[in-house]
Every structure is written in C-alpha cells, then in structure tokens.
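What follows is a short report on a single structure.
The values are calculated or read from the model by the stated rules, or taken from the named source; none is laboratory data. What you see is a predicted model, and the numbers here were worked out from it, not measured in a lab. Cβ placement follows ideal geometry from the backbone for every residue including glycine, while neighbour counts extend to all protein chains displayed. Calculation scope for accessible area: heavy atoms of the full protein, side chains included, ligands and nucleic acids excluded. Shrake-Rupley method; radii C 1.70, N 1.55, O 1.52, S 1.80 Å.
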Amino acid sequence: MAGKSKKIKILFTIPNFDTAGSGKALFKIASGLDREVFEPHIACLHNRGEYFKVIQKSGIPVHVFEFTSSVRPVLKGLYQCWRKSRFFLHHGFHLVHSFHYGPDYSEPLAAKIAGVKWGFTKKNMNWGGASKNGWKIRSYLADFIALQNSDMKNEFYPDTKKTFYVPRGVDTAEFFKAAEDKDLKQELGLDKDTKVVLNVANMVPVKGLEVLIRAFKNIVYHKVVLILVGDNRNEYGRSLENLVRELGLENRVIFTGKTLNVKRFLSIADLFVLPTLNEGRKEGSPVAMLEAMASGVPVIGTKIPGVKDQLKKFPDAQVDAGDISSLAARIDQYLFSDRDWRLKFSDQLCSEVQECFDLKREIKRHEQMYIDTLKPTNK
C-alpha cells in the first residue's frame, strides 16, 4: 500500500503531549516538512495534555494508537507486534520516526513485520543499566538513528552507517535580540540597572543547579540576581530552595516556576548559564542554550556533550562540570566585561546559531535523512 502514495508518508510517534518539550520538538519538525514531498502524521497513546489541542488544530492527522506493547511472553508479544504492523500497512506509511525515548523495541518489530522503515532520535547520553539491552535491540532494528550531538557517534554507534547528525535548531527570527521587557523587571521588583543571571531548565539533578547557586554565592556585587526558570515543584526543586535559604540568598535568587514565555526572561538577561553535570543522561542538544545564543545573551556552559557542539567556537565560554570556583570566576568575568566585548560576543553567538542551529536547517537535515533512508542502496 505504501507504494500508492506519491508523497512520502511519515508517522511520528510519541507517548503523549503532557510534557510539551519533546512534543514541541516533534511538532516543529512535522509541521515544517516540505508538503510537496512529505505527508506527516502523528501517533500518541492518549489525547491528554494542553499541547495535544495545539496538535489537533494544526491540520496534521493525529492517531491515538497503542504503538508500543510488552514483548513478553514472546508469542503474545509477537502477536501484538503483528497487530500494530497492520496499522502501519493500513495507512500506507513509508517511514516511522519515533520520539519515544524509552528502550521499547515492539514498535520497530511491528515496522519490520510491515516492511516499513523505522528509526528514532537519540535524545541524550544515557544508555545503561536495566535498559541497555532494550536500547541495543532498538538500535539494531532501526533503519536510521538521528543523533543530537557528535559525541553520540563515538560513544554509542562507532561502527554503524545508519546514523545521522541532527542537532536541535531554534527559530532564530523569533528569538533574535528581542527588546528588553521592562515590565518584567518591574514585576520582579528589580531596579532597571540590576544585572540578571539566567538559567532555564527542567529541574532534575543532572542539571547541576546547586553548582550554579553555590557559584553565584561568590558574586558579591549586590545588584545581581539569579533567575531560575523551570518547574521546581519536585524534590530536587525543594532541595534547591533549601540551599538558597542556607546560603542566605533568598533576596538574590528567584524561582519563577514553569513558564511558556521564555523570551521575556531572555530579554532581561545579562548572562545565561547552563551548569549541567558530566554524569547520567547529560545533555543531547540543549535548546535553552541555543535560544539564549539566538537572543544575543552571553552564555557559559559546561564541557559536556551537546554543549561542546554548540560552543565549539567559544572555548572560553566553557568550564569543567561541577567546578564551582571556575564557574564563579567566569560569571564574574562575563557579567562585568566592557560593553564593546559584550556586543561583539552577542553578535558572534547570534551568527553561530543562524549558520549552524537554525530550525530550518534542522528540518532540512531531517528531510535528507528520510530521503537517504528510503534509498534502495541505504543499509
């Protein structure tokens, strides 16, 4: 049935749209594809989540479908995979791109049974423990694997030819040097000349925010605040709040909670810091850093996969993960540098994102990956 369609029909799969980060990444790719060549569809496990409503209104066909299942016991698991394969065949998909970041391999098995090309995006540097074998099987069955940073190739897939380097991208026009939101400073009770150090992150331990808070303690200039944007209503978030109190920084550290309008905070930021630790899942290709760079905000990041790609041309903007004293010194240096240096650095960061990490470039990389995967000679 797949051969009857003149366009390349792609099914994007994702468990849900409850957490909008991965869903937004998928949607930007699906909605940006050349519709003269591609026909995108989306499948998810349920219709909950505010962002699901956005997907529904987009005009892209959405299928609520159980595309994953247990593969144990074996006979029952294979039967479930066969049933899912009928769904792929019925809709005539040429290719399935999974944004499911777990080690499930029932989905690629179903695609294999249907004779449909299947692949996934490798989001982060985590691959071990109980899920290791699942990831190995998932990777073996894949026809393509999109890698979000260059370290993934050497660490996970040194010998395969089915990987593609597809780092994240941002809409540079949307974020390009937005005018300062003066109302936001007033809302936060800040003077117009107060300097702002900013971090935007999903608040989990690997993000290393305690390192940033301890480094910020060493910045003695009184008109500097640290703004932490992200949902802090979890155990890690509460531990950070306790640390702020222990260090006596209640009046200098602001927790905003989760927000969809990151641009407002970038518009008042004097420095963006990403202190992710060099452990666990680390980073894939952190969008928050790219958004800051596109906004022309000076940045500091740790020397870890993903960040190293984005700051490849800016070695001085990188510090060793977990090094509190080095991070404090770099924050102090960048925060109080002269105006000409800051303007030059801002322009360089914007140019780097436009040239290497623009959303349109990310979409083109996906399109080429799909076309190359469907070539008869691709293995």
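The table for this structure:
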quantity: Residue within the stretch 20-41 that is under 18 Å from residue 87 (Cβ atoms), among the hydrophobic types (A, V, I, L, M, F, W, C) and in a strand (DSSP E or B) present; calculated: no
quantity: Residues satisfying the stated conditions in the stretch 298-316, i.e. under 15 Å from residue 212 (Cβ atoms) and of a type in the set (A, V, I, L, M); calculated: 299, 300, 304, 307
quantity: Candidate set from the stretch 157-215 (those that are surrounded by 16 or more Cβ atoms within 10 Å (Cβ to Cβ) and aromatic (Phe, Trp, Tyr)); member that is modelled with the lowest pLDDT; calculated: 175
quantity: Selection status of residue 363, surrounded by 18 or more Cβ atoms within 10 Å (Cβ to Cβ) and closer than 30 Å to residue 160 by Cα; calculated: yes
quantity: Flag for residue 65 being under 16 Å from residue 114 (Cβ atoms) and in contact with a strand residue (DSSP E or B) (Cβ under 6 Å, 6 or more places away or on another chain); calculated: yes
quantity: Of all residues making up the stretch 42-58, the number that are closer than 20 Å to residue 120 by Cβ and β-branched (Val, Ile, Thr); calculated: 2
quantity: Test: residue in the stretch 38-49 that is open to solvent by 30 Å² or more (accessible area, probe 1.4 Å) and in contact with a Lys or Arg (Cβ under 7 Å, 6 or more places away or on another chain); calculated: yes
quantity: Qualifying residue in the stretch 280-290 (condition: free of Cβ contacts under 8 Å to residues at least 24 places away in the same chain and surrounded by fewer than 17 Cβ atoms within 10 Å (Cβ to Cβ)); calculated: no
quantity: Identity of the residue in the stretch 91-132, assigned to a helix (DSSP H, G or I) and in contact with a Pro (Cβ under 9 Å, 6 or more places away or on another chain), that ends up least open to solvent (accessible area, probe 1.4 Å); calculated: 131
